[in-house]
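First comes the structure, then the notes that go with it.
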Amino acid sequence: SSGINAEYGVDRIVRNRESENVFEIFRLREKDVPVENFEIKNKVLSLSWDPKGPRFALIQGDQGRTDVSFYRIGEKIAQIGKTLVNKKCNTIKWSPLGQYCVLAGLNNFAFDGMLEFWDVGSDTPTLMESGEHFMVTHLAWDPTGRYVCSSNSYGGHSVENGYFMWSFQGTKLYETSLEGFVQFQWRPRPPSLLTEAHLKEIKKNMKSYARDFEIKDKLSKSKASKELIEKRRRVYDEYMAYRKRKDQELKALRLQYEEVRSDSVEEEYVEEVVEFFIKEEVEAAENKE
């Protein structure tokens with residue numbers, strides 16, 4: 001754990017032929033390197049240290065049923081949260097930056113290639129996400145601690161070879177199948193150009209740097225918003241000018257139409273009277289003498 005602590009484990013047989021694991025924790029940076037014994041009743045399959053913090057993880061049980069526990073080293077060794085029971089894993093891979101880890105079942109069909117992404121930075125471990133990569137054989141964190149690659153190599157299985165890319169929070173970002181795929185490796189990250197003194201100064205004044213970056217982000221956002229508003233105003237003005245121009249053209253066309261209509265020759269109407277003979281009646285005049 002960053003060279004602060006070291007451990008030495010002994011598996012001893014106690015009564016009834018049950019095994020007990022005893023670990024000796026050496027505090028390397030304390031005077032006279034004091035040693036603390038740490039006992040686990042169950043069989044321990046794996047112990048892995050957080051590379052950046054005073055934490056370690058244990059996988060206990062057997063290949064058919066495994067439990068996972070996290071511990072923190074302070075004045076005394078204390079468990080972090082409760083034991084995670086019935087986990088399908090035989091490997092714990094920590095981020096190179098610490099705090100985050102992946103529980104994985106490598107090279108074991110019984111575990112179904114389950115992957116669980118955990119945050120152990122608080123007093124209670126938090127499951128961020130879980131995924132599956134069937135027949136997974138290897139896990140590899142990138143040097144920045146932002147990505148994890150799970151792979152199925154040809155050396156482990158001859159089918160479904162390839163790799164998946166995950167974020168440190170457990171989101172699957174990419175997957176591909178490659179026949180005969182053998183190995184995945186990250187390019188080493190170049191060493192920092194900053195000295196340890198500069199890094200300590202940056203961490204010490206992180207809040208002031210954060211405020212400066214927030215101000216710059218706000219200015220950048222306001223500039224982007226101003227540019228967006230100006231672009232929208234320009235598009236609006238162009239549209240209104242186009243509409244005004246078309247309205248004027250339409251008005252001119254209407255005037256031309258009215259002029260043509262008023263100058264047209266009106267049709268002449270001729271009135272004719274037609275008489276038809278219907279019938280003739282003859283009546284005798286009465287003689288009044």
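The values are calculated or read from the model by the stated rules, or taken from the named source; none is laboratory data. Fair warning: this is a prediction, and the values are worked out from it, not measured in the lab. All Cβ positions, glycine included, derive from the backbone under ideal geometry; neighbour counts span all protein chains shown. The accessibility values were calculated without ligands, DNA or RNA, using every heavy atom of the protein model including side chains. Shrake-Rupley method; radii C 1.70, N 1.55, O 1.52, S 1.80 Å.
Please name whichever of Ile25, Ile202, Ser46 sits farthest to the positive end of the charge dipole of the chain, dipole taken about the Cα centre and charges placed at Cβ: Lys and Arg +1, Asp and Glu -1.
My answer, from the dipole projection, is Ile25.
Would you calculate a helix-derived [θ] at 222 nm for the chain, using -39,500 (n - 2.57) for each DSSP H run of n ≥ 4 and dividing by the full residue count, to the nearest 500?
-8500 deg cm²/dmol
Could you work out which residue, out of Glu175, Glu259, Glu238, moves most in a Gaussian network model of the chain, that is, has the largest mean-square fluctuation with Cα springs under 10 Å?
Comparing Glu175, Glu259, Glu238 in the GNM, the peak value goes to Glu259.
Which percent of the accessible heavy-atom area of the chain goes to carbon and sulfur, probe 1.4 angstrom?
51 percent
For Glu129, which sequence-distant residues (separation of 5 or more, or a different chain) have an amide H within less than 5 Å of its own amide H, given hydrogens modelled in the peptide plane?
Under 5 Å from the amide H of Glu129 lie the amide H atoms of Phe117, each far enough along the sequence or on another chain.
Magnitude of the Cβ-charge dipole of the range 93-244, K/R +1 and D/E -1, about the Cα centre, nearest 20 debye?
For the range 93-244, the charge dipole is close to 1360 debye.
Across the range 82-98, in residue order, what do the Karplus-derived ³J(HN,Hα) couplings come to in whole Hz, using 6.51 cos²θ - 1.76 cosθ + 1.60 with θ = phi - 60° and x for Gly and Pro?
Karplus values, whole Hz, x for Gly and Pro: 9, 5, 8, 9, 6, 9, 8, 8, 9, 9, 10, 10, 8, 5, x, 8, x.
Near the amide H of His138, under 5 Å away, which other amide H atoms are found, from residues 5 or more places off or on another chain, if H is placed in the peptide plane?
Correct list: Ser151, Ser153.
Against the longest alpha carbon principal axis of the chain, how many degrees, from 0 to 90 and to the nearest 10, is the axis of helix 206-262 turned?
10 degrees
State to the nearest 20 debye the size of the charge dipole of the chain about its Cα centre, where the only charges are +1 on K and R beta carbons and -1 on D and E beta carbons.
Magnitude of the dipole: close to 4040 debye.
What's the local net charge at Glu30, with K and R +1, D and E -1, over the other residues with C-beta under 14 Å away?
+1
Sorted by mean Cβ packing within 10 Å, highest first, what order do the peptides 206-213, 40-47 take?
Packing order, densest peptide first, comes out as 40-47, 206-213.
Using a 1.4 angstrom probe on the protein heavy atoms only, could you order Arg261, Arg245 from most to least accessible area?
Arg261, Arg245
Using packing as a proxy for protection, rank 191-203, 50-62 so that the peptide with the highest average count of other Cβ atoms within 10 Å comes first.
50-62, 191-203
Below 13 angstrom from the Cβ of Lys87, what's the summed charge of the other residues (Lys, Arg +1; Asp, Glu -1)?
Here the charged neighbours net out to -1.
What do you get when you divide the Cα radius of gyration of the range 110-263 by 2.2 N^0.38 Å, with N the number of residues?
2.07
Step through the residues of the range 195-200 one at a time and calculate ³J(HN,Hα) from phi using the Karplus curve (6.51 cos²θ - 1.76 cosθ + 1.60, θ = phi - 60°), rounding each to whole Hz and writing x for Gly and Pro.
For the range 195-200, the Karplus-derived couplings read 7, 4, 5, 5, 5, 5 Hz, x marking Gly and Pro.
For Asp32 and Lys76, what does the FRET efficiency come to when R0 = 22 Å and r is the distance between their Cβ atoms, rounded to the nearest 0.05?
That pair, Asp32 with Lys76, gives E of 0.80.
Past 21 Å, Cα to Cα, is the threshold; run Lys52/Lys88; Lys231/Lys251; Lys52/Lys200 against it and keep the listed order.
Lys52/Lys88; Lys231/Lys251
With every protein chain kept in place and ligands, DNA and RNA left out, what is the accessible area per residue of the chain? Probe 1.4 Å, answer in Å².
Each residue of the chain exposes 76 Å² on average to a 1.4 Å probe.
So who's got an amide H within less than 5 Å of the one on Lys52, skipping anything under 5 residues away but keeping other chains? H placed 1.01 Å off N, in plane.
Under 5 Å from the amide H of Lys52: Gly98, Gln99.
Sum up the charges of everything whose Cβ sits under 14 Å from the Cβ of Asp217, counting Lys and Arg as +1 and Asp and Glu as -1, but leave Asp217 out.
+3
Can you compute log10 of I(q)/I(0) for the chain with the Debye formula, treating each Cα as one identical point scatterer, at q = 0.11, 0.12 Å⁻¹?
-0.88, -0.98
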